[in-house]
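Novice: Before I ask anything, let me first share the structure, which is written out below as structure tokens.
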Amino acid sequence: GQDRSGMTIATLDYPKAKLTMEVPEAVGSWRLGACAKEPWTLDFIESIPAGGVFWDIGANVGSYTLIAAARPELEVVAIEPAYENYRALCKNLSLNNLLGRVIAFCNPVTPVDGFIWLHYADMRSGAAQHVVGDQRKEGFHQQQMLGLSLDTLVAWVSLAGPRFLKIDVDGGEVGVLQGAGDTLANPLTQGIMIEMQRPFEPQITTLLESHNWRLAGRYSQRNGQELPHVVYGEYRRS
């Protein structure tokens, strides 16, 4: 179907609730098939106990934000810096009457607070592989933004339930964790699901182990095929 703006609307592949989304321009079926794409992330969200707070860091257009927000016993925070993705995230929440259920930020999550450049790989909604950093990327559009550390954001958001972090930031995951020392040390933070670029996996595991986190699950295949560039790690407090 279509909404009033003429945008095509389709259903997310979540079996437990009917969740509709506008079809992203860049990778529509990829975002609408989020449960098939990352069944481990779906399991992670569904394992969060009532009263928990789901942090979707790198929410894109909101597939996993919607799934978490459809559980009224959870609090949800979504962070997405790319402006067209953020617009679609908010639109998708409104399509499902969930806009008031989610605290949504439009900024990069960085090691320290301050202005930084976001380099856009693709300007369309649903796109990914954007790069945060001060080094100019040839062929990329760039936008200066206020980057905030995860510790700063957690301090701002006064939600007291146990925290569960989903981190999917296309190569920026080390920077997110470097700005999250207090959050990682806090016993309220109880679970992390992180998409890791394969070269960064050892560094990420070492960093998390230094904060007394252990690898509880590693997901490197989809439909029996090894993922070429990324691996997903589920970490739990030791």
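The values are calculated or read from the model by the stated rules, or taken from the named source; none is laboratory data. Because the structure is predicted, anything quoted here is derived from the model rather than measured. Note that each Cβ is placed from the backbone with ideal geometry, even for glycine, and that neighbours are counted across all protein chains shown. The area values use the complete protein model at the heavy-atom level, side chains included, leaving out ligands, DNA and RNA. Shrake-Rupley method; radii C 1.70, N 1.55, O 1.52, S 1.80 Å.
Novice: Restricting the search to region 67-85, which residues are closer than 21 Å to GLU25 by Cα and touching a strand residue (DSSP E or B) at 6+ places or on another chain (Cβ under 7 Å)?
Specialist: Selection gives ALA78, ILE79, PRO81, ALA82.
Novice: Looking at (1) of a type outside the set (D, E, K, R); (2) surrounded by fewer than 18 Cβ atoms within 10 Å (Cβ to Cβ); (3) touching a Phe, Trp or Tyr at 6+ places or on another chain (Cβ under 9 Å); (4) more than 20 Å from VAL53 (Cβ to Cβ), which is the only condition ALA216 fails?
Specialist: (4)
Novice: When only residues in region 72-85 that are in contact (Cβ under 8 Å) with a residue 24 or more places away in the chain and not in a strand (DSSP E or B) count, which is surrounded by the fewest Cβ atoms within 10 Å (Cβ to Cβ)?
Specialist: Only one residue tops the list, namely PRO72.
Novice: From the residues in region 86-98 that are assigned to a helix (DSSP H, G or I) and touching a residue at least 40 places away in the same chain (Cβ under 8 Å), which one is nearest to ASP122 (Cα to Cα)?
Specialist: ALA88
Novice: Suppose the filter is among the charged types (D, E, K, R), over 30 Å from HIS211 (Cα atoms) and in contact (Cβ under 8 Å) with a residue 60 or more places away in the chain; does ASP168 pass it?
Specialist: No.
Novice: Right, something else. Condition test on ALA26, is it open to solvent by 60 Å² or more (accessible area, probe 1.4 Å) and in contact with an Asp or Glu (Cβ under 6 Å, 6 or more places away or on another chain)?
Specialist: no
Novice: Note down all Cβ pairs under 7 Å where the first residue falls in region 221-238 and is touching a residue at least 12 places away in the same chain (Cβ under 8 Å) and open to solvent by 100 Å² or more (accessible area, probe 1.4 Å), the second is of a type in the set (A, V, I, L, M, F, W, C) and not in a strand (DSSP E or B), and they're at least six residues apart or on different chains.
Specialist: From region 221-238, no pairs qualify.
Novice: With respect to THR183, is the statement that it is in contact with a strand residue (DSSP E or B) (Cβ under 8 Å, 6 or more places away or on another chain), over 30 Å from GLY33 (Cα atoms) and modelled with pLDDT of 95 or more true?
Specialist: Values: in contact with a strand residue (DSSP E or B) (Cβ under 8 Å, 6 or more places away or on another chain): yes; over 30 Å from GLY33 (Cα atoms): yes; modelled with pLDDT of 95 or more: yes.
Yes, satisfied.
Novice: For ASP56, are the conditions met, namely being open to solvent by 10 Å² or more (accessible area, probe 1.4 Å) and within 18 Å of the chain's Cα centre (by Cα)?
Specialist: The answer is no for ASP56.
Novice: Restricting to strands (runs of 3 or more DSSP E) lying wholly in region 1-58: which have 3 or more residues that are touching a helix residue (DSSP H, G or I) at 6+ places or on another chain (Cβ under 9 Å) and in contact (Cβ under 8 Å) with a residue 40 or more places away in the chain?
Specialist: Answer list for region 1-58: 20-22, 53-57.
Novice: Something else now. Search region 96-111 for residues being open to solvent by 60 Å² or more (accessible area, probe 1.4 Å) and touching an Asp or Glu at 6+ places or on another chain (Cβ under 9 Å), and hand back the single one that is nearest to GLU173 (Cα to Cα).
Specialist: ILE103
Novice: If GLY114 meets every condition in (1) in contact (Cβ under 8 Å) with a residue 24 or more places away in the chain; (2) at positive phi; (3) open to solvent by 30 Å² or more (accessible area, probe 1.4 Å) apart from one, which number is that one?
Specialist: (3)
Novice: Since ILE67 meets every condition but one in (1) assigned to a helix (DSSP H, G or I); (2) in contact with a helix residue (DSSP H, G or I) (Cβ under 8 Å, 6 or more places away or on another chain); (3) open to solvent by 60 Å² or more (accessible area, probe 1.4 Å); (4) modelled with pLDDT of 95 or more, which condition does it not meet?
Specialist: Tallying (1) assigned to a helix (DSSP H, G or I); (2) in contact with a helix residue (DSSP H, G or I) (Cβ under 8 Å, 6 or more places away or on another chain); (3) open to solvent by 60 Å² or more (accessible area, probe 1.4 Å); (4) modelled with pLDDT of 95 or more, ILE67 fails exactly one: (3).
Novice: Inside region 169-186, can you point out the residues that are of a type outside the set (Gly, Ala, Ser) and open to solvent by less than 10 Å² (accessible area, probe 1.4 Å)?
Specialist: Scanning region 169-186 gives GLU173, VAL176, LEU177, THR183, LEU184.
Novice: Moving on to the next point. State whether one or more residues within region 99-115 are assigned to a strand (DSSP E or B) and either more than 17 Å from the chain's Cα centre (by Cα) or farther than 24 Å from VAL157 by Cβ (or both).
Specialist: Yes, that holds for at least one residue.
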